[in-house]
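Accompanying notes for the structure given below.
The values are calculated or read from the model by the stated rules, or taken from the named source; none is laboratory data. Not measured: the values here are computed from a predicted model. When we count neighbours, we look across all protein chains shown, and the Cβ atoms used for this are built from the backbone with ideal geometry, even at glycine. Accessible surface is based on the protein model in full, side chains and every heavy atom, while ligands, DNA and RNA are left aside. Shrake-Rupley method; radii C 1.70, N 1.55, O 1.52, S 1.80 Å.
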Amino acid sequence: QNLNIFSGVSHPMQLIAAEILTDDSFVDSFLATSREQLSLACKICGEKLNEMVVPHVIPEAGMFVYANFSSLLPSQTPEGEERFATLVQDAARVVMTPGQSMRDPRVGWFRICIAYYPDLDVLRIALERLSRLILKIKGMGWENISADSVRAQILS
């Protein structure tokens, strides 16, 4: 069964990609810039997670930081993880991939993509919003918090 039928790359795009990839100086420059940007994004994310006292795994290579938000969940269940993910998305406007969607049996681990941001200030803003939300969760507790009650303060 061919699952690529809905996402095949057109022939003209394949030709353009092949042409770009034969330009060694461009590829070398692109990879060097990408490594530099990913390294800086990883550093920014790691420093902010350290500041938030959130355990995390810094990758040797790659586009994601894996962070453990289990201590902030309303319950140590997949439902608690989903509730936290929904609050982060609705209140802080930050999307993180819950571990359960990647078949991680440990509740509370989330994947943070650090490669999406061409402007690293966007990553800094997202992490600052996440930090503000974590402070609200710690200060207000889950019984008193909702996206509507904290969104304006987090997004300001």
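Given 10 °C and 1.306 mPa s, how large is the Stokes-Einstein diffusion coefficient of region 48-104 in µm²/s, with Rh as the Kirkwood radius over Cα pairs?
Details: Rh = 12.2 Å.
The estimated diffusion coefficient comes to 130 µm²/s.
Can you pull the percent of region 1-80's accessible area that's carbon plus sulfur, 1.4 Å probe, other chains left in place?
61
List the relative contact order of the chain as a percent without decimals, with contacts defined as Cα pairs under 8 Å and 6+ residues apart.
21
Just one of (1) 19.8; (2) 17.6; (3) 16.0 is Kirkwood radius over Cα pairs in Å as worked out from the coordinates here. Which one is it?
Among (1) 19.8; (2) 17.6; (3) 16.0, the one calculated here is (2).
Tell me, what is the per residue accessible area of the chain in Å², probe radius 1.4 Å? Please list the in-between numbers first.
Numbers: 9960 Å² over 156 residues.
Value returned for the chain: 64 Å² of accessible area per residue.
Which distance in nm do the two modelled labels at Ile58 and Asp24 give, with both placed 7 Å along the Cα-to-Cβ direction?
3.4
5 Å is the cut-off here: which amide hydrogens, built 1.01 Å from N in the peptide plane, fall below it relative to Trp109, excluding neighbours closer than 5 in sequence?
For Trp109, the qualifying residues are Phe69, Gly99.
Check each of the trypsin sites (Lys or Arg not before Pro) in region 99-156 and keep only those in coil by DSSP with at most 14 other C-beta atoms within 10 angstrom; list them in order.
Arg103, Arg106
How big is the antiparallel share of DSSP beta bridges in the chain, given as a percent to the nearest 5?
Expressed as a percentage, antiparallel bridges in the chain total about 100.
Can you give the FRET efficiency to the nearest 0.05 for Leu40 and Arg106, using r as the Cβ-Cβ distance and R₀ = 30 Å?
It comes out at approximately 0.60.
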